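Enquirer: Let me begin by handing over the structure; questions about it come next.
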Amino acid sequence: MPTLYIVATPIGNLSDFSLRAIDILKGVDLILSEDTRVTKGLLDRYKIRTPILSYHQHSRLKKVEYIIKLLKGDKNLALVSDAGTPGISDPGGKLINLAIKQLDNLIIIPIPGSSALTAAASISGFPMDKFIFMGFPPAKKKRKKFFEEIVNSKYPVIFYESPYRIIKTLNELRTMFQISSFRFQVVVCRELTKKFETIYRGTIEKVIKEIENPPAGGKIKGEFVVVVEGER
């Protein structure tokens, strides 16, 4: 029966790749990759020679149909994203959903590993028995509603942000905090597992100031994960 493996890849430190993930990627017929250039670097590190095919949020229907055809032909495929666990804020979930609908005998196997979401949750220090993940903030429309949901949440909220919008986003969130009587604490993680990993903690005012004024100076770089304390 055809099998689709959902394989987590390192979010920064390549040594975080699991032995099981390496074995799976060596054994499948084809690897579906969000960005083949990024994936090739990882595969070269572990001497994985399996062919790669690009699959991302802009892939056309024809590409998806080709992937489904491969699965119908009993090919075993592995889906990877640039970093972390596929299906978490990337188009992996869409492919999985389509494959399930079209193949009754499809086996889907998760190969767990790194995830910026769980890495940030694990070091937050907030009660994380319940939390909400909201992906990336909208670039334009519905931003106010996005931040209102965070401020009104009883539980911690986690979201991702790029280095280009992190200060804007935190300032908009601070504006919403000022309306609330609760003194929210935040944890902002930058470049998790990488050489310049940095964890900012405290009030949002304190965190914004620290991010805006890095010790080494220069531009704000790296991907960010923001954890906002819930009002419980």
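Enquirer: Lysines near K209 by alpha-carbon distance under 17 Å, same-chain residues fewer than 8 away left out - which ones?
Expert: K168, K219, K221
Enquirer: For K206, which aspartates and glutamates qualify as cross-link partners when the Cα separation must be under 16 Å and same-chain residues fewer than eight apart are set aside?
Expert: E172, E229
Enquirer: Cα convex hull of the chain: how many Å³ per residue?
Expert: Taking the convex hull of the Cα positions in the chain, it is 142 Å³ per residue.
Enquirer: Given the C-alpha centroids of the range 76-93 and the range 134-210, what is the distance between them in whole angstrom?
Expert: That distance is 25 Å.
Enquirer: Counting other C-beta atoms within 10 Å, and keeping those with at most 14, which DSSP coil trypsin sites (Lys or Arg not before Pro) do you find in the range 189-224?
Expert: Taking the range 189-224 and a limit of 14 other Cβ atoms within 10 Å, the loop trypsin sites (Lys or Arg not before Pro) found are K194, K195, K219, K221.
Enquirer: For a quick check of your reading of the filter: which trypsin sites (Lys or Arg not before Pro) in the range 1-70 sit in a DSSP loop and have no more than 10 other Cβ atoms within 10 Å?
Expert: K47, R49, R60
Enquirer: Right, next: Kindly provide the chymotrypsin sites (Phe, Trp or Tyr not before Pro) of the range 125-171 that DSSP labels as loop, not H, G, I, E or B, and whose Cβ sees at most 13 other Cβ atoms within 10 Å.
Expert: Answer by residue number: Y164.
Enquirer: Here's something else I'd like to know. Taking the Cα atoms of the range 146-198 alone, what are Rg (to one decimal) and Dmax (as a whole number) in Å?
Expert: Gyration radius and largest Cα-Cα distance of the range 146-198: 12.4, 38 Å.
Enquirer: Okay, moving on. Which whole DSSP H helices in the chain pass both tests: a Cα extent of 18 Å or more along the axis and a mean Kyte-Doolittle value no lower than -1.0? It would help to have the intermediate numbers written out before the result.
Expert: Numbers: long enough: 166-179 (20 Å, 0.39).
Those that clear 18 Å and a mean of -1.0 are 166-179.
Enquirer: Hey, fewest Cβ within 10 Å first, where do F126, F224 land in order?
Expert: Taking fewest neighbouring Cβ atoms as first place, the list is F126, F224.
Enquirer: From the cross-link list K40/K194; K47/K75; K62/K195, which pairs have alpha carbons spaced over 28 Å apart?
Expert: Going by Cα-Cα distance, K62/K195 fall outside the 28 Å limit.
Enquirer: Could you put L42, L106, L95 in order, starting from the residue whose Cβ has the fewest other Cβ atoms within 10 Å?
Expert: Lowest count first: L106, L42, L95.
Every read-out reported here was derived from the displayed coordinates using simple, explicitly stated rules and does not represent laboratory data. What you are looking at is a predicted structure, and each value in this text was computed from that prediction instead of being measured. Here Cβ is always computed from backbone atoms with ideal geometry, including for glycine, and neighbour counts include all displayed protein chains.
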